[in-house]
Every structure is written in structure tokens, then in C-alpha cells.
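Bear in mind that the values in this text are calculations on the coordinates, not laboratory data. All values reported here derive from a predicted model rather than from experimental measurement. When we count neighbours, we look across all protein chains shown, and the Cβ atoms used for this are built from the backbone with ideal geometry, even at glycine.
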Amino acid sequence: MRNKVTDPLSCCFTENGPMHTALRAVKVIHTLVWALFVSCILAIPIFAWRGRFGSAAVLAIFVFAEISVLITNNGRCTLTNVAARYTDDRSDNFDIYLPLWLARNNKVIFGWLFTVVLVFALALWLKSSSSV
């Protein structure tokens, strides 16, 4: 078994067995969902820059829906609770394939990024609506 403290890739290797297989499945799904939301956040300013404010708004609503899930669940993703059934590990990245530092700071990093992106999109929208 790899040592989580000394081996940064330890999050990617587990022992075999049905519990670990289930945990791996949850981690893969959680990572894909995380990537989807990050992609939405990163796409908002691109759509806004191109004047596609409706598309940017749909993505923002999608991200706000996830934020409401997090708020309802005391700041935790529901997949974190599912992953917790399959391991006693509670490190910040036990439930997702992210580096420990990113998993630990995920909400702060992407919360601020989402805020900046929304302000940018809103500014572009206001500018475009005032020039009409």
C-alpha cells in the first residue's frame, strides 16, 4: 500500500476488493462531475465575450444549482457522503482524484473564480445592453 504522506500519487492506487472498486467508481464519477462544473465556470466568460449571454446564464444557473446542493448538504458534495461508505480515510481528497492541495482549497479557488467570472459576464452584458 502506498503512503499518502510521502507519495503524491497514492490517491490513485488502492487495494483490490469490492469496497475499493466501489470507492474508485465514486471517485471517478466525482472527478468527472467536478470537471463538468469547472468547465461551466470557465466557459461563462467565453460565452459572455462572444455575446451569448443566454448560454452564459444557463451555465451560471447550473453552477448555482450545485452551490445550492452544497449549501443544503453542509458544504459537502453528496458524492462525498457516498464515498465515505467505502473507506475510513477522510483526507481532503479521499473522494475525488484531485491533488490534496486542490481538494483542500477547491471551494475557495472556484468560489472566487466563479464570482470574478460572473462580474465579468455582467459587465459585458451591461456594456452590450447600454450600446443598443
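Select from 74, 93, 105 the residue whose mean-square fluctuation is largest in a Gaussian network model of the chain (Cα-Cα springs shorter than 10 Å). Taking springs between Cα atoms under 10 Å, the residue moving most is 74.
Consider all pairwise Cα distances in the chain and report the whole-number % of them above 25 Å. That tail contains 37 percent of the Cα-Cα pairs. The gain in end-to-end length when the residue 107 to residue 64 segment is fully stretched comes to 14.2 nm, 0.36 nm per residue minus the alpha carbon separation.
Entry note, the chain: the mean residue ellipticity at 222 nm calculated from DSSP H runs of n ≥ 4, each adding -39500 (n - 2.57), is -24000 deg cm²/dmol after division by the residues and rounding to the nearest 500. Against the main long axis of the alpha-carbon atoms of the chain, helix 53-72 sits at an angle near 40°.
For residue 95, no residue whose modelled amide H falls within less than 5 Å of its own remains once neighbours fewer than 5 places apart on the same chain are excluded. In this structure, residue 119 and residue 32 have a Cβ-Cβ separation that, at R0 = 25 Å, corresponds to a calculated FRET efficiency of about 0.35.
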